[in-house]
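Written out below as structure tokens is the structure these notes cover.
The values are calculated or read from the model by the stated rules, or taken from the named source; none is laboratory data. What you are looking at is a predicted structure, and each value in this text was computed from that prediction instead of being measured. Because the Cβ atoms are built from the backbone with ideal geometry, glycine has one as well, and the counts that use them run over all protein chains shown.
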Amino acid sequence: MRRWDAVHLSIIVPTYNEAPNVAELVRRVTAAIEGIEAEIVFVDDSTDDTPDEIRAVAASASLPVRLVHRSSGTRGLGTAVVEGLALAESDVCVVIDGDLQHPPELIPVLYRRFLDGDADVVVASRYAGGGTATGLADRTRIMVSRAATALTRAMFPIRLRDVSDPMTGFFLVDRRAVDAAHLRPRGFKILLEILARKNLRVAEVPFDFADRHAGESKASMRQGLHFVAQLTALRFGKMSLFAVIGALGAVVNLAIVWALTQLGVDYIVAAIVAAETTIIGNFLLMERFVFHDMRAAASGGWMRFAKSFGFNNAEALIRIPIMALLVETWHISAVLATGLTLVVAFVVRFVFHSLVVYAPRKAGADTTRARRFVEELDAQAMSPGEL
Ligand code: GDD
Ligand code: MN
């Protein structure tokens with residue numbers, strides 16, 4: 001009997017109706033990882049006889065082969081991978097498809113690259129030098145894949161700067177580097193979820209995406225929609241909540257300015273009253289909805305309020321004279337001037353709150369200040385929101 005704690009590498013295989021591929025996959029993995037203490041963990045959602053096939057193959061396999069068959073109803077490649085990561089014996093995990101489109105012979109290459117010690121994730125890339133995506137079903141899928149990859153990289157220029165193929169389903173990950181609690185796996189793109197949530201050190205190894213050994217692809221229009229939802233949530237999570245609250249505040253602000261000026265109040269006085277009211281309202285909403293996950297590590301509540309209130313008043317102090325200037329020189333309405341200045345203020349306010357008001361009490365000293373600033377801003381803008 002092998003000792004479990006001797007497992008140095010866990011190979012996670014999500015499967016959905018892959019019965020004809022199981023034996024060949026285990027055979028090729030076994031041959032490929034010669035000399036590495038590894039286990040295979042199948043996370044299976046099949047409705048066919050795949051689980052029986054896995055049990056049969058496991059019985060005669062020369063390495064530990066485990067099966068998690070999830071109760072009917074639980075489905076999804078992304079959640080299967082996350083479950084596999086949690087159950088793996090080793091912290092070092094390779095995720096590989098069960099249909100042999102990913103060559104098992106690359107597993108030791110990924111593993112050796114990881115042992116170099118400078119990466120938390122080693123991506124098997126179709127788009128790095130030497131890799132190919134010819135196994136994609138047709139021209140349309142190749143184009144869609146290319147376009148989606150380009151868009152995704154453009155949306156996460158910092159996190160994905162070293163990643164040519166964030167959509168691949170073949171990668172090695174050191175699970176200690178991942179915040180499993182923050183992952184919101186949906187759809188197929190679990191690697192993107194892992195890479196977009198946190199700054200990780202990424203290395204790449206090129207590979208040829210092959211044709212399926214047997215069976216058919218489970219990719220669908222539905223997976224495409226999942227992907228769009230995932231991108232939106234990843235990219236605009238926290239910032240969009242901040243924007244919603246800011247927009248709400250702006251509407252209230254405008255309404256107060258309008259109501260008070262209608263009542264004959266001087267527009268500057270009206271603007272001040274409106275600003276103070278919305279500053280306090282916004283702060284309370286932000287505490288509850290936007291930065292709730294950062295309160296524990298940040299300075300105390302009154303301190304945060306003082307910083308936020310101080311910033312917003314300073315901002316209003318600058319904004320109101322600018323607004324007055326706009327009204328006096330451009331002869332635009334007070335409402336329009338308020339609206340314009342509020343838009344500019346929004347961006348500055350988000351930056352300030354993310355990086356100053358809710359900054360963790362102490363920061364690491366291993367990166368330069370400028371770099372840390374940009375990464376932190378990036379992290380805040382995209383971290384998951386709650387509504
Ligand atoms: N457990 C589980 N549950 N596994 C699933 C599910 C599910 O709901 N859906 C699919 N799988 C498994 C399949 O059995 C296969 O082993 C693997 O996930 C990939 O599914 P395919 O149906 O072969 O998808 P694909 O070849 O179209 O997509 C591949 O390429 C994409 C890049 O173009 C995958 O590698 C994707 O992860 C990758 O994004
Ligand atoms: Mn496939």
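Annotations
- Filter result for Val335 (more than 27 Å from the chain's Cα centre (by Cα) and more than 14 Å from Met294 (Cβ to Cβ)): yes
- Test result for Leu231, at pLDDT below 90 and away from ligand 2 (no atom under 16 Å from the Cβ): yes
- Selection from segment 48-63 of residues that are out of contact with any His (no Cβ under 6 Å at 6 or more places or on another chain), more than 16 Å from ligand 2 (Cβ to nearest atom) and closer than 15 Å to Val13 by Cα: Glu53, Ile54, Arg55, Val57, Ala58, Leu63
Rundown of residues vs (1) crowded, with 18+ Cβ neighbours inside 10 Å; (2) in contact (Cβ under 8 Å) with a residue 60 or more places away in the chain; (3) away from ligand 2 (no atom under 16 Å from the Cβ), yes/no style:
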| residue | (1), (2), (3) |
| --- | --- |
| Ser46 | yes, no, no |
| Val65 | yes, no, yes |
| Gly78 | yes, yes, no |
| Val82 | yes, yes, yes |
| Asp91 | no, yes, yes |
| Gly98 | yes, yes, no |
| Pro104 | yes, yes, no |
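- Verdict on Ala154 being more than 16 Å from the chain's Cα centre (by Cα) and either outside the structural domain of Leu377 (by TED's automatic domain parsing) or at pLDDT below 85 (or both): no
- Whichever residue in segment 143-172 is among the β-branched types (Val, Ile, Thr) and under 30 Å from Phe373 (Cβ atoms) and, among such residues, is nearest to ligand 1 (Cβ to nearest atom): Thr149
- Being within 16 Å of ligand 1 (Cβ to nearest atom), over 18 Å from Asp120 (Cα atoms) and in a helix (DSSP H, G or I) holds for only one residue in Val252, Val228, Val244, Val257, and it is Val228.
- Residues that are of a type outside the set (A, V, I, L, M, F, W, C), within 16 Å of ligand 2 (Cβ to nearest atom) and touching a Leu at 6+ places or on another chain (Cβ under 6 Å) are absent from segment 173-182.
- Only one entry in Ile256, Ile190 is under 29 Å from the mean Cα position of the chain (by Cα) and at negative phi, namely Ile190.
- Of all residues in segment 1-56, those satisfying the criterion of being at negative phi and of a type in the set (S, T, N, Q) are Ser10, Thr15, Asn21, Thr30, Ser46, Thr47, Thr50.
- Members of segment 185-230 that are within 25 Å of Pro157 (Cβ to Cβ) and surrounded by fewer than 15 Cβ atoms within 10 Å (Cβ to Cβ): Arg201, Gly224, Leu225, Val228, Ala229
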